[in-house]
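First the structure, in the form of structure tokens, and then the observations on it.
The values are calculated or read from the model by the stated rules, or taken from the named source; none is laboratory data. All values reported here derive from a predicted model rather than from experimental measurement. Cβ: placed from backbone, ideal geometry, glycine included. Neighbour counts: every protein chain shown.
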Amino acid sequence: MINLETPKKFKPLVSQAHQVATEVLRPISRKYDAEEHAYPKELDMLAAVIEGVNEGGELGGAGAGGVRRDSENGGDEGNRNGSNMATVLSIIEMCWGDVGLLLSLPNQGLGNSAIASVANEEQLELYGGKWAAMAITEPEAGSDSAAIRTTAELDGDEYVLNGEKIFVTSGDRADLIVVWASLDRSKGRAAIKSFIVERDNPGLKLDRLEHKLGIRASDTANFILQDCRVPKEALLGSPEIDTKRGFGGVMQTFDNTRPLVGAMAVGVTRAALEETQRLLTEAGVELDDDAPAFSQSAAAARFLEMEADYEAARLLTLQAAWMADNGKPNSLQASMAKAKAGRTCVDVTLGCVELCGSVGYGENELLEKWARDAKILDLFEGTQQIQLLIVARQLLGKTSAELR
Ligand SMILES: Cc1cc2nc3c(=O)[nH]c(=O)nc-3n(C[C@H](O)[C@H](O)[C@H](O)COP(=O)(O)OP(=O)(O)OC[C@H]3O[C@@H](n4cnc5c(N)ncnc54)[C@H](O)[C@@H]3O)c2cc1C
């Protein structure tokens, strides 16, 4: 039978993450929103503590623990709640604190997730413990990541990378950038591989940092790769171009990272709902979870409707993470969770600003900030429209060529 409670073994983790969010992230949330591009130095200490507390980084950021799907991660062992569930639960709490700061946590980038998921022993030895960002997007390739133009050419014992990467989260602060590039553009998606590039590689040139609507604590960098040489060993996974397997391998990472972005959205949504509930109660609005919405005030009814959306987003996110932990294919659920949580976060945070009126819009509260932070969660790791497309393909049994 489905159990909607937080698994007992994760309660200490959730409580620790909540404490960090309350005591470290919330107090500096507004500061680093206002000081865009300033380095949140308070996070260095936090990252060190996190590494000490749990070596896998479950109390951390965007999934440094990785998303391997082997027998140790589920398989035939029966129903289990593993690292995906732990990461999702702690991300929810930390993003209740501040999502931009969560994205800025050292050693917890999306590149770390890719490395932890597919790196071999030697690569883990070489690159484990470093902070890794992920560079897929290019000026001509956003939603359609198969359209990337960056190339990687083998030259002796090195690959030579050339191209341009934009919107790289933590690109300026990370030690490593995981770069997607094509070994042979004539062979299509199957030739796209990821390469680990050291941030101080002279062939990797920082072009600029973006100014943004939200998550302003998180740096977003654009790069030019110009004859950027990396050792052969920097290629993650197999160098073979397997046209039968196509793009499946690299895309699989998303089945594990999308629930993490769903979790970010769930955390921000809860923050906004809790603050709004406090403000409504202060203003004398009565909320009754047990009475029908139509018998309550318009403000209470709207609030309850938003709470229901939040709950649906949360459960879908937990389901997608649970499936990953149990070795079950979850592309459909991962996209459903990301789509529902992203949209809910945008709708609810704006709904909260609306319900609280001028108090919601002003900078004395964090509600206006959360409404700005929300939009990116419905955008990166695949936009709302792309998630719905993936869901539709899965439900209708269509390929990406048949439905696009
Ligand atoms: C703050 C920030 C941080 C980011 N961090 C990273 C990062 O760390 N690494 C990285 O690689 N990328 C990152 N990105 C890039 C992000 O993943 C892309 O912006 C996203 O994939 C969308 O691509 P695009 O911006 O090129 O939009 P486009 O793909 O050009 O899409 C524009 C619009 O068209 C819609 N659309 C596109 N195709 C379809 C379709 N087939 N059907 C229906 N609608 C469609 C989209 O949903 C969107 O609304 C980041 C972006 C931002 C803003």
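Brief remarks follow.
- Residue match in the stretch 38-58 (condition: among the small types (Gly, Ala, Ser), modelled with pLDDT under 90 and surrounded by 21 or more Cβ atoms within 10 Å (Cβ to Cβ)): yes
- If the condition is being of a type in the set (Val, Ile, Thr) and either touching a Pro at 6+ places or on another chain (Cβ under 8 Å) or part of a loop (DSSP other than H, G, I, E, B) (or both), then the stretch 75-104 contributes only 88.
- Among the candidates 132, 86, residue that is within 16 Å of the ligand (Cβ to nearest atom) and either out of contact with any Cys (no Cβ under 6 Å at 6 or more places or on another chain) or assigned by TED's automatic domain parsing to the domain that holds residue 348 (or both): 132
- Boolean, residue 288 is within 16 Å of the ligand (Cβ to nearest atom) and of a type in the set (Asp, Glu): no
- Considering each residue of the stretch 167-179 in turn, at least one proves to be outside the structural domain of residue 379 (by TED's automatic domain parsing) and under 14 Å from residue 237 (Cβ atoms).
- When residues in the stretch 136-189 are screened for being within 9 Å of the ligand (Cβ to nearest atom) and of a type outside the set (Val, Ile, Thr), 13 of them pass.
- Looking only at the stretch 206-219, and only at residues there that are outside any loop (DSSP other than H, G, I, E, B) and surrounded by 13 or more Cβ atoms within 10 Å (Cβ to Cβ), the one that is nearest to the ligand (Cβ to nearest atom): 209
- Among residues of the stretch 274-302, those that are part of a loop (DSSP other than H, G, I, E, B) and either touching a helix residue (DSSP H, G or I) at 6+ places or on another chain (Cβ under 8 Å) or closer than 27 Å to residue 26 by Cα (or both), counted: 8
- Residue match in the stretch 349-364 (condition: in contact (Cβ under 8 Å) with a residue 60 or more places away in the chain, over 17 Å from residue 260 (Cα atoms) and part of a loop (DSSP other than H, G, I, E, B)): yes
- Per-region count, the stretch 280-310, residues exposed (fewer than 13 other Cβ atoms within 10 Å of the Cβ) and either in contact (Cβ under 8 Å) with a residue 40 or more places away in the chain or under 18 Å from residue 345 (Cα atoms) (or both): 1
- As for the stretch 365-383, it holds at least one residue that is closer than 20 Å to residue 278 by Cα, part of a helix (DSSP H, G or I) and away from the ligand (no atom under 16 Å from the Cβ).
- Residue in the stretch 320-335 that is surrounded by 15 or more Cβ atoms within 10 Å (Cβ to Cβ), without any contact (Cβ under 8 Å) to a residue 60 or more places away in the chain and within 16 Å of the ligand (Cβ to nearest atom) present: no
- Some residue of the stretch 387-400 being over 26 Å from residue 136 (Cα atoms), in contact with a helix residue (DSSP H, G or I) (Cβ under 8 Å, 6 or more places away or on another chain) and either within 16 Å of the ligand (Cβ to nearest atom) or part of a helix (DSSP H, G or I) (or both): yes
- Number of residues in the stretch 324-336 that are in contact with a helix residue (DSSP H, G or I) (Cβ under 6 Å, 6 or more places away or on another chain) and closer than 11 Å to residue 256 by Cα: the value is 7.
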